[in-house]
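Structure record follows, encoded as structure tokens.
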Amino acid sequence: MGRKQLWDKAEVLASAMRLFRRRGYFGASLRDIEEATGLHPGSLYRTFQSKDGLFCAALDAYNDQVVQSRVRAHLLKPSDPVAGIRSFFTSTFETGLEPDPGCLLTNTAVESFAVPQAADGVRRGLETIESGLAEALTRARTLGLLSADLDVEVSAAHLLALYQGLLVLVRAGAPITKLHTITDGAMASIGSEEEEQR
């Protein structure tokens, strides 16, 4: 009979998520992982098989807990989907947190060419965001807040690209005025009436 596991997997993944957000895949050493999670290599390897396995599990947890939560809060639940899209963008830099560790999904996408094992997690996260944007745009169009001629699929893909670029700039410490300008441009690209009235 095996020994009872005395640590909580969800807590370990939460610690790994925070570490990988700050350091990235390559920047996080095995010693960093041990210190962040409190686990010895043997326990980590028995559960996740490798650093790759832990990283992919942390990215999956990030998609499930952070990405999906943000999509629900900003894109699926608001009664005004246009305002929700704007808040989805601005909430990335109006956090009051300093320094911002960035988005694990975006950070991983940037280095995914060298971390091929994370490609599926990156793809799933980006699809979650794009689908949420498409749903918000569809609701906005139905409510008459956006033009009936709006191409939802093209606009959702465009917003996704702008959103990911915005997150990279947030991580790079771009001025908040520039981030607001990019957000304004994103809203103008979908024909938001609030932008037309400015």
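The values are calculated or read from the model by the stated rules, or taken from the named source; none is laboratory data. Remember, predicted model here, so these are calculated numbers, not experimental data. Glycine also receives a Cβ, built like all others from the backbone with ideal geometry; neighbour counts cover every protein chain displayed. Surface accessibility is based on the protein's heavy atoms, side chains included, excluding ligands, DNA and RNA. Shrake-Rupley method; radii C 1.70, N 1.55, O 1.52, S 1.80 Å.
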- Item | Residue check for residue 48: open to solvent by less than 30 Å² (accessible area, probe 1.4 Å) and among the aromatic types (Phe, Trp, Tyr) | yes
- Checked pairs for the range 106-127, first outside any helix (DSSP H, G or I), second of a type in the set (A, V, I, L, M), C-beta under 9 Å and 6 or more apart or across chains, list as 111/118; 115/122
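Considering each residue of the range 1-44, count those that are at pLDDT below 80 and either under 20 Å from residue 107 (Cα atoms) or surrounded by fewer than 20 Cβ atoms within 10 Å (Cβ to Cβ) (or both), and give that number.
The first filter runs over the range 1-44 and keeps only residues at pLDDT below 80, leaving 1-8, 39-44.
Now narrow it down to the ones that are either under 20 Å from residue 107 (Cα atoms) or surrounded by fewer than 20 Cβ atoms within 10 Å (Cβ to Cβ) (or both): 1-8, 40-43.
Result for the range 1-44: 12.
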- Task: Kindly indicate the residue of the range 104-121 that is closer than 26 Å to residue 183 by Cα and open to solvent by 20 Å² or more (accessible area, probe 1.4 Å) and also modelled with the lowest pLDDT among those meeting that condition.
- Result: 112
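Looking at the range 122-140 only, could you name the residues that are of a type in the set (Asp, Glu) and surrounded by 18 or more Cβ atoms within 10 Å (Cβ to Cβ)?
Correct list: 130 only.
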- Message: For the range 141-156, check the following and say yes or no: at least one residue is within 27 Å of residue 65 (Cβ to Cβ) and under 16 Å from the mean Cα position of the chain (by Cα).
- Response: yes
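Give the number of residues within the range 170-179 that are in a helix (DSSP H, G or I) and open to solvent by 60 Å² or more (accessible area, probe 1.4 Å).
Going through the range 170-179 one residue at a time, the tally reaches 4.
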- Task: Could you tell me whether residue 95 is free of Cβ contacts under 8 Å to residues at least 60 places away in the same chain, open to solvent by 20 Å² or more (accessible area, probe 1.4 Å) and in a helix (DSSP H, G or I)?
- Result: no
- Search result, residues across the range 141-157 that are in a helix (DSSP H, G or I), more than 30 Å from residue 52 (Cβ to Cβ), open to solvent by less than 50 Å² (accessible area, probe 1.4 Å) and among the hydrophobic types (A, V, I, L, M, F, W, C): 152, 156
- Task: Could you tell me which numbered condition residue 78 fails, if it satisfies all but one of (1) open to solvent by 60 Å² or more (accessible area, probe 1.4 Å); (2) modelled with pLDDT of 90 or more; (3) part of a loop (DSSP other than H, G, I, E, B)?
- Result: (1)
